[in-house]
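This report concerns only the one structure given below.
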Amino acid sequence: MVKKYKANELTKYLNDYFGFDSFRMGQLEIIEDVLRGENVLGILPTGSGKSICYQLPALLLEGTTIVVSPLIALMIDQVKQLKAKQIKRVVALNSFITPNERTKIYQQLNTYKLIYVSPELLQQEDFLFYLKQLSVRLFVIDEAHCISQWGHEFRPDYMKLKHMIKLLNNPPVLALSATATPYVQTDIIESLGLTSIIKHIYPMDKENIIFSVEKFRHRDEKTSYIIDVLKRFDVPTLIYFSSRIEAEQMAQTIKNRLPSISVAFYHGGMEHIDRITIQQQFMNDQLQVICCTSAFGMGIDKSNIRLIIHYHLPNQLESYVQEAGRAGRDGKQSVSVVLYTREDEYLPKHFMNHELPTEMDIRFVFYMLFKLYEQNQALPTQSEKAAQLFQLNEVQWRFLYAQLEKHDIIKGNTITYEKWHWKRVYTIIKQTTAQRLRIKEEKLQQMLTWIHQNKCLREALYKPFQSKYTKPKKDCCSRCGFSIDHWDVSPYESYQSSEKTWQQVLKDKFLIGDENETK
């Protein structure tokens, strides 16, 4: 029996649980459909409070809500925020949990209302054993664009979510994202195997963000530009790189040339604890500048980021809109700058060619699989060892493994063989690989077209996502006359370090006054 809630009842629960007096754009409509048991796709702009769309229903529904989240830091932050609001029946399952803690959580899994997991964890048999015993009333995919952006190559377990939904007796599905073109929306829906779904698509443009493209002849000029901008604008800043090494090098350069600025680098090759520490320091205004890869920023609830710089060219508009949208979540004017040189075009092409196997790679994998089958040998269980065996990198192997598993050539680490079937699958995989490469090339070309066009950057950026956009009252973009040289940041708070003692933090937290304060 589905319980019906009136809008004023839901507003009261919103206030009781989260302290908000009213819903933001789209939240109420999505929540009402979720509580009716509908499958929902929600596209809401960055910083619009997407998490409320599943957190409130999870507290009102009987049973358990599963939230598939792409990043450990994002899960931990969500759980931390909920527990701060005295919502205790929530847990994030990740690699920080010890085996003993994990076993204890599994045994008490039915006591949690909200369970945050990665798509990879959902494939583990020990977790599934306990999960299938629960009454799952809502299945959420947070940052659902990751299905389309990462699921085909980098994290193929996203493509298995459809199977997981069936295993859990087809609970209602809520897929949420801040950016999704019509193509990505279709890809999400088809990948999840949803035949019926209600779409709530809201404008994702943010009129308070100014867009700028700066073109240079040499990379050294980019460095000079960054140093000059950071010297002039004392604001919380993210600088995005495609290269981990260059992110580290730039952080060191800034540290050397601008010693008064607190800066750190952040990328996926770092230890989890180091990444979380840096994230928290940035959130607490203890760091002013982060030199990072795309691994940083998803779900970061920091309202006063004023400046986003892309040192390297993003490989698609979706990624750029996501990353640029992390600025100005408080609605105050902020700037997103893309730095471009001609040679930048080669880096994303290089990554594309290293994410997908070549035809020769595919042929060699089939040859090696047949040798293993003849010798009655199993595949290595570790992805890294399997990749080495087939002379591939791990991303290429994950892509091929997912294809081979999908077409029943591999089951776990066992190889099955039928000559006619192998020929057919070999052709399918070649075609799928070529199609994926074509899609990636088209997305990069869209990005390059945006960089080089001479009309309004804002209009061109949002056109693939929505039919119209809001024209800012003041500054728009570098094609419409904006120059960072004339950016007036004075109306907005500049960076202030919060290197506080634990006593000061405690005073702020509980609004404790100082004995020496004037009353």
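The values are calculated or read from the model by the stated rules, or taken from the named source; none is laboratory data. The model shown is predicted, which means the values in this text are computed figures rather than measured ones. Backbone-built Cβ (ideal geometry, glycine too); neighbour counts: all protein chains shown. These area figures cover heavy atoms from the full protein model, side chains too; ligands, DNA and RNA do not enter into them. Shrake-Rupley method; radii C 1.70, N 1.55, O 1.52, S 1.80 Å.
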Within the stretch 182-201, how many residues turn out to be surrounded by fewer than 21 Cβ atoms within 10 Å (Cβ to Cβ) and not in a helix (DSSP H, G or I)? 9
Filter pass, residue 398 being open to solvent by 40 Å² or more (accessible area, probe 1.4 Å) and in contact with a Ser or Thr (Cβ under 9 Å, 6 or more places away or on another chain): yes
It is to be established whether one or more residues within the stretch 445-462 are more than 18 Å from residue 213 (Cα to Cα) and open to solvent by 20 Å² or more (accessible area, probe 1.4 Å). no
Whether any residue in the stretch 90-98 is small (Gly, Ala, Ser), in contact (Cβ under 8 Å) with a residue 40 or more places away in the chain and surrounded by fewer than 21 Cβ atoms within 10 Å (Cβ to Cβ) is what I want to check. yes
For the stretch 115-142, which positions are more than 18 Å from residue 382 (Cα to Cα) and either over 21 Å from the mean Cα position of the chain (by Cα) or basic (Lys, Arg) (or both)? 127, 128, 129, 130, 131, 132, 133, 134, 135, 136, 137
Could you grab me the full set of residues in the stretch 113-146 that are under 21 Å from residue 17 (Cα atoms) and of a type in the set (D, E, K, R)? 113, 137, 142
Among the residues of the stretch 105-124, write down those that are crowded, with 20+ Cβ neighbours inside 10 Å and either on the phi > 0 side of the Ramachandran plot or part of a loop (DSSP other than H, G, I, E, B) (or both). 113, 118, 119
Hey, residue 181 hits all of (1) out of contact with any Gly (no Cβ under 6 Å at 6 or more places or on another chain); (2) more than 21 Å from residue 405 (Cα to Cα); (3) at pLDDT 90 or above but one; which does it fall short on? (3)
Expected output for the stretch 262-290 (first residue under 15 Å from residue 247 (Cα atoms) and among the β-branched types (Val, Ile, Thr), partner open to solvent by 40 Å² or more (accessible area, probe 1.4 Å) and modelled with pLDDT of 90 or more, Cβ below 9 Å, 6+ apart or cross-chain) is 263/252; 263/255; 278/265; 290/265
Within the stretch 202-221, work out how many residues are open to solvent by 70 Å² or more (accessible area, probe 1.4 Å), closer than 13 Å to residue 457 by Cα and part of a strand (DSSP E or B). 0
What's the number of the condition residue 300 fails, among (1) β-branched (Val, Ile, Thr); (2) crowded, with 18+ Cβ neighbours inside 10 Å; (3) out of contact with any Cys (no Cβ under 8 Å at 6 or more places or on another chain); (4) modelled with pLDDT of 90 or more? (4)
Check 102, 137 and return the single one that is open to solvent by 40 Å² or more (accessible area, probe 1.4 Å) and assigned to a helix (DSSP H, G or I). 102
Criterion (in contact (Cβ under 8 Å) with a residue 40 or more places away in the chain, open to solvent by less than 10 Å² (accessible area, probe 1.4 Å), of a type in the set (Val, Ile, Thr) and part of a loop (DSSP other than H, G, I, E, B)) met by exactly one of 305, 309: 305
What single numbered condition from (1) buried (at least 23 other Cβ atoms within 10 Å of the Cβ); (2) at pLDDT below 90; (3) in a helix (DSSP H, G or I) fails to hold for residue 31? (2)
Flag for residue 66 being closer than 30 Å to residue 429 by Cβ, in contact with a strand residue (DSSP E or B) (Cβ under 7 Å, 6 or more places away or on another chain), among the β-branched types (Val, Ile, Thr) and buried (at least 22 other Cβ atoms within 10 Å of the Cβ): no
